[in-house]
1. Send over a whole-number figure in Å² for the accessible area per residue of the stretch 41-144, probe 1.4 Å.
2. Report the chymotrypsin sites (Phe, Trp or Tyr not before Pro) located in the stretch 1-69 that are in a DSSP loop and have at most 10 other Cβ atoms inside 10 Å of their Cβ, or state none.
3. Can you give me the % of accessible surface on the stretch 81-125 that is carbon or sulfur? Probe 1.4 Å, all protein chains present, nothing else counted.
4. Which value in Å does the Kirkwood hydrodynamic radius of the chain take, with 1/r averaged over all unlike C-alpha pairs and then inverted?
5. At a 4.7 angstrom Cβ threshold, list every cysteine in the chain that has nobody to pair with, or say none.
6. From the square roots a ≥ b ≥ c of the eigenvalues of the alpha-carbon gyration tensor of the stretch 101-188, which class results: rounded (a/c under 1.5), prolate (a/b over b/c), or oblate?
7. Can you compute the helix-only [θ] at 222 nm over the chain? Use -39500 (n - 2.57) per DSSP H run of at least 4 residues, normalise by all residues, nearest 500 deg cm²/dmol.
8. Measuring from label point to label point, each 7 Å out along Cα→Cβ, what is the residue 142 to residue 85 span in nm?
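The values are calculated or read from the model by the stated rules, or taken from the named source; none is laboratory data. None of the values given here were measured: they were computed from a predicted structure. We place every Cβ from the backbone using ideal geometry, glycine too, and count neighbours over all the protein chains shown. Areas reflect the complete protein model, heavy atoms only, side chains present, ligands, DNA and RNA absent. Shrake-Rupley method; radii C 1.70, N 1.55, O 1.52, S 1.80 Å.
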Amino acid sequence: MLIIKLSNIDDYLIDTVANSVKDAFMNVNVLVSPDVMLPPMSFFDWKRMQYRSEYIVKWLASIRERLGADYILGIGDIDAYANGLNFVFGEAYPEGRAAAVYLRRLHPSFYGEPDNHELFVSRAVKEVIHELGHTFGLPHCSNRLCVMSFSNSVYEVDSKTEKFCPRCAERLRLNGLYVSPRYVLSTS
């Protein structure tokens, strides 16, 4: 798994994200590229002032092999949307083994709230684990606490955990991915 920065990101955030991925997915090797790889400006929709997410994830898939990665995750402090949606926090392209997470709308300050770095990092980690779950073959989950539940707002991101429900964890295991017990919701 290669994590690349799609914009300048503070080292604490990228280190926390990388360590969370390593902790959550026990048999996934995680590397972080030291370079920033800005998405091409041709992916930017000037009318909406947002990137087209589908272009970014397909671009990531196209460079994944060249970079020698089995999987690739792009993360950037940018805003993006997908067809039919005003925005997305991230998107996965499982066939291309690629995913992206967009941080702009995860900042409390985006909503006029005071800066809260701990809350921002927690949101980022949840969205990274969520998009990687899709990349590893999981659909959205109906369990509102499961990290794989769909988030249509930042408040829904806040209300879910960074953990997989037992059913999603088992589906990952059947796909050859082992989730740390710390990242599985208790059944009790």
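1. Values: 4780 Å² over 104 residues.
Here the residues of the stretch 41-144 average 46 Å² of exposed surface.
2. Details: sites: 12, 25, 43, 44, 46, 51, 55, 59; in loops: 46.
Filter output for the stretch 1-69: 46.
3. Details: 1000 of 2140 Å².
In the stretch 81-125, the share of accessible area belonging to carbon and sulfur is 47 percent.
4. One over the average 1/r among Cα pairs gives 16.5 Å for the chain.
5. Unpaired cysteines in the chain: 168.
6. Numbers: a/c = 2.26, a/b = 2.02, b/c = 1.12.
It comes out prolate by the Cα gyration axes.
7. Details: 5 runs with 60 residues, N = 188.
Rounded to the nearest 500, the figure is -10000 deg cm²/dmol.
8. For the pair residue 142/residue 85, the computed spacing is 2.1 nm.
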